[in-house]
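Here's the structure we're looking at; comments come further down.
The values are calculated or read from the model by the stated rules, or taken from the named source; none is laboratory data. Fair warning: this is a prediction, and the values are worked out from it, not measured in the lab. Heads up, the Cβs are rebuilt from the backbone with ideal geometry, glycines too, and the neighbour counts pull from every protein chain shown.
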Amino acid sequence: MVQRVGRIDPATFVGSGKLMEIASSLPELDVNVVVFDDELSPRHQREIEKVLGEDIRVLDRSALILDIFAQHASTREGTLQVELAQYEYRLPRLTRQWTHLARQAGGGAARGGAGGVGLRGPGETQLEVDRREIGRKIAKLKNDLEEVRAHRQRHRVQRTRAGMRTTALVGYTNAGKSTLLNALTGADVYAADQLFATLDPTVRRVKLPSGRTVLLSDTVGFIQKLPVALVAAFRATLEEVVEADLLLHVVDVSHPLAWDHVDVVEDTLAELEASRIPKLLVLNKVDQGAAIEVDARVANLGYETAVRTSAIHRTGLDELLAAIDNELLRGMAAVSVLIPYDQGEILAAIYESGVVEEEVHTPDGVEVTARVPSRLVGQLDHLQKR
């Protein structure tokens, strides 16, 4: 059902008349779940449930997304993130969940003597206990996720020291990011034609045409009106996006709302303060028939290159790897240094993450002229410059 309104009804969200229309249609439709494609306030949800009845489950957009996330969470990190988001979503909605306890408490206050003055009903007590318990769980989950975040940060520091460059796949949910990761790296990451198949970032190595090795990470898909609680809960995951050297924005070109999806992803990247990171546009699923054509909008969004691919049929992958190579090369610094023979790990790091243009062996070491990531330049400062 669709309703166009000038303002949201403060009590029932859709207005009492529309809500009665929904309620009267439920027996005929034989449904037991009603989903609202927006976020309901605790008051909205409480009033709607009163009208629809106890046998009807009412979900808003956030609750539905959380339910899907909960089904797909398979790792400790994913489970922690979903559980935190669920508890933070439920906390302000606890009042309605405990009303049955107040009803069961009949006469409790009177039995306390003096008309029950100064005493609280069992329903209220249970609600307070539950709020404290959920508060403790939220605090513990946040601490656990901070440990995950710190662990991930240590890995990133190690990668930085090694001069490894990172590329992150971003895009609207179900754009084909995991399938593309598998096609490019030979990985076996779970991929499915469904929303939010990927919750945890997966990082794999991929070799570029220049011989350099980069890290490619898959991330959770974005969606229109992504609940704020989810963005906060998945901060550790989304940091893989913020810390990347290059973003591959994967678009399902066969989708009729492809350009709307592009706008949603761009807005989300802006919220994450990741708009400054260089980007490549990957127009995926071209085998299903492109519903969009590359036009001036690509340049207006700050993309200089758009590559057409079909991850499932493995077409356009060579062109994509070459585009990644060129884009990363653009952000490299030219160096010319003498590397002593006892510091071979530095030469190995240059070969792995940079491009060696010239190498000459001398009695004192290896003279190297190369282009390297800016993060590796600092590690070469102690070497003799050529």
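Brief remarks on what is shown
- Among the conditions (1) assigned to a loop (DSSP other than H, G, I, E, B); (2) at pLDDT below 80; (3) more than 26 Å from residue 225 (Cα to Cα); (4) within 28 Å of the chain's Cα centre (by Cα), residue 382 misses just one, which is (4).
- The C-beta contact set for segment 61-74 (first residue part of a loop (DSSP other than H, G, I, E, B), second residue hydrophobic (A, V, I, L, M, F, W, C) and buried (at least 18 other Cβ atoms within 10 Å of the Cβ), distance under 7 angstrom, 6+ apart or interchain) comprises 73/82; 73/199.
- The sole residue among 362, 309 that is hydroxyl-bearing (Ser, Thr, Tyr), touching a Leu at 6+ places or on another chain (Cβ under 8 Å) and loosely packed, with under 15 Cβ neighbours inside 10 Å is 362.
- Residue in segment 344-361 that is more than 20 Å from residue 165 (Cα to Cα), among the polar types (S, T, N, Q) and either out of contact with any strand residue (DSSP E or B) (no Cβ under 7 Å at 6 or more places or on another chain) or outside the structural domain of residue 245 (by TED's automatic domain parsing) (or both) present: no
- Residue within segment 33-45 that is in a helix (DSSP H, G or I), touching a helix residue (DSSP H, G or I) at 6+ places or on another chain (Cβ under 7 Å) and within 30 Å of residue 146 (Cβ to Cβ) present: yes
- Residues of segment 331-359 that turn out to be crowded, with 16+ Cβ neighbours inside 10 Å and free of Cβ contacts under 8 Å to residues at least 40 places away in the same chain, as a count: 3
- Output for segment 12-29, where each listed residue is part of a loop (DSSP other than H, G, I, E, B) and modelled with pLDDT of 90 or more: 12, 14
- For segment 43-69, residues that are closer than 30 Å to residue 81 by Cβ and surrounded by 15 or more Cβ atoms within 10 Å (Cβ to Cβ) total 18.
- The condition of being acidic (Asp, Glu), at pLDDT below 80 and closer than 25 Å to residue 370 by Cβ does not hold for residue 327.
- Residue pairs whose Cβ atoms lie under 6 Å apart, separated by 6 or more positions or on different chains, with the first residue in segment 30-54 and among the acidic types (Asp, Glu) and the second part of a strand (DSSP E or B), are 39/60; 49/58.
- Residues (at pLDDT below 75 and among the small types (Gly, Ala, Ser)) located in segment 60-90: 73, 74, 78
- Annotation: residue 176 fulfils all but one of (1) crowded, with 18+ Cβ neighbours inside 10 Å; (2) modelled with pLDDT of 80 or more; (3) not assigned by TED's automatic domain parsing to the domain that holds residue 222; the unmet one is (3).
- Leading residue by the ranking (farthest from residue 328 (Cα to Cα)) among those in segment 246-274 that are of a type in the set (D, E, K, R) and over 15 Å from the mean Cα position of the chain (by Cα): 260
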